[in-house]
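First comes the structure, then the notes that go with it.
The values are calculated or read from the model by the stated rules, or taken from the named source; none is laboratory data. Not measured: the values here are computed from a predicted model. Positions of Cβ are backbone-derived with ideal geometry, glycine not excepted, and every protein chain shown enters the neighbour counts.
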Amino acid sequence: MKFTVKQIAHLLNGEVQGDDSLIIKSLSKIEEGSQGDISFLANAKYESFLYTTHATAVIVNKDFEPKKEFSTTLIVVENAYVAFTQLLEEYQKILNFSKKGIEQPAFLGENTTLGEGIYQGAFSYIGKNCKIGENVKIYPHAYIGDNVIIGDNTILYAGVKIYENCVIGNFCVIHSGAVIGSDGFGFAPQADGTYKTIPQLGNVILEDNVSIGSNATIDCATMGSTIIRQGAKIDNLVQIAHNVEIGENTVIAAQTGVAGSTKIGKNCVIAGQVGVNGHITVADGTKVGGQAGVTKSVKKAGIAINGTPAFDLNDYLRAMAVFRKLPALEKQVKALEEQIEDLINQGVLA
């Protein structure tokens, strides 16, 4: 990356205070900034670094008023944190979408079409009858089964596996080791104690702007589709079972598991190591605390829950406050029991 301060300010709709012709080559934290870097200041506790940083430019909020002299150039914006995030996104696009062409060896199945700007890394495999959109980046050792559709500007990092018949939207990011479309966990118990495999004939649909973390697994539907709606973000090591539906802009943190046929609403936040039971629904805007167990449907939108089984967060916090006091309460109860026994022995109480 090599841009002038003026160009970056234009991108961020910011105003330059200082030399707008200076060259920016990289991004950095404000406390680690050096010549050619751009950083940001959004939190007041980091303000002291503004006066000592060697960064060429720093993005600051519109209402920021410095208390000392400083040597860096400022780019003044409405929200420094949001602006720097936007800059990071643009920088990532430059890095990710610079790759083009087909490396060898790579396999391309018959009747498969590739859009313009494609990158197919070495040792990757694309099956037959696939449709791959424009500017798609397929890194080495990725596998794409037959009849897969992938939209424009999607990235599949090294080692991603997309099973046959799956549909991936535009601007999706799937990180290394993720598996999309593997068999759902469907086994029918038999009279002799064995299990018979139930064929999993459906697929997985990822809508636009979905992010899937490393080593996450999303199982295909038994019939129909497992669906991850647009804007959803799935962290590393998350298991999504067959016929699950994840709503728009819902985020799910690492090591969470969602059992089969459950429907999670839009704009939900599910923390790490959460277990969600099968065949239930979770209302829009639900917030689930870490390590919670969601065993029944959440019907009221916008509430926060925690615990196993999960219940209202405020009630959970009050219960935990009592739980921490249980050893002391036990001692008090035992002391009271001894006092009552003494009174009975003295004949004071019958």
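Annotations
- Hey, K299 surrounded by 12 or more Cβ atoms within 10 Å (Cβ to Cβ), of a type in the set (K, R) and closer than 19 Å to K266 by Cα or not: no
- Evaluation of L206 against (1) more than 20 Å from F97 (Cβ to Cβ); (2) surrounded by 21 or more Cβ atoms within 10 Å (Cβ to Cβ) (one fails), failing number: (1)
- A Cβ distance below 6 Å, combined with a sequence gap of six or more or placement on separate chains, defines the contacts here; from segment 150-175, residues that are assigned to a strand (DSSP E or B) reach residues that are of a type in the set (K, R) in the pairs I155/K137.
- Test result for H279, assigned to a loop (DSSP other than H, G, I, E, B), at pLDDT 90 or above and in contact with a strand residue (DSSP E or B) (Cβ under 6 Å, 6 or more places away or on another chain): no
- Residues of segment 86-119 classified as within 25 Å of the chain's Cα centre (by Cα) and without any contact (Cβ under 8 Å) to a residue 24 or more places away in the chain, total: 6
- Check on T112, surrounded by fewer than 19 Cβ atoms within 10 Å (Cβ to Cβ), outside the structural domain of H279 (by TED's automatic domain parsing) and of a type in the set (S, T, Y): yes
- A count restricted to segment 303-350 and to residues that are farther than 30 Å from G265 by Cα and of a type in the set (A, V, I, L, M) stands at 14.
- Residue within segment 135-156 that is charged (D, E, K, R) and in the same structural domain as Q230 (by TED's automatic domain parsing) present: no
- Selection within segment 129-149: residues that are part of a strand (DSSP E or B) and among the charged types (D, E, K, R). The member of this set that is nearest to L108 (Cα to Cα) is K131.
- Any chance D315 is surrounded by 10 or more Cβ atoms within 10 Å (Cβ to Cβ) and at pLDDT 85 or above: yes
- Some residue of segment 327-341 being in contact with a Leu (Cβ under 8 Å, 6 or more places away or on another chain), farther than 30 Å from I198 by Cβ and crowded, with 17+ Cβ neighbours inside 10 Å: no
- Segment 316-346, residues that are under 30 Å from I303 (Cβ atoms) and polar (S, T, N, Q): none
- Spans of strands (runs of 3 or more DSSP E) in segment 185-228 with at least 3 residues under 23 Å from the mean Cα position of the chain (by Cα), without any contact (Cβ under 8 Å) to a residue 60 or more places away in the chain and farther than 25 Å from V173 by Cα: none
- Some residue of segment 137-149 being buried (at least 17 other Cβ atoms within 10 Å of the Cβ), under 20 Å from N267 (Cα atoms), hydroxyl-bearing (S, T, Y) and at pLDDT 95 or above: no
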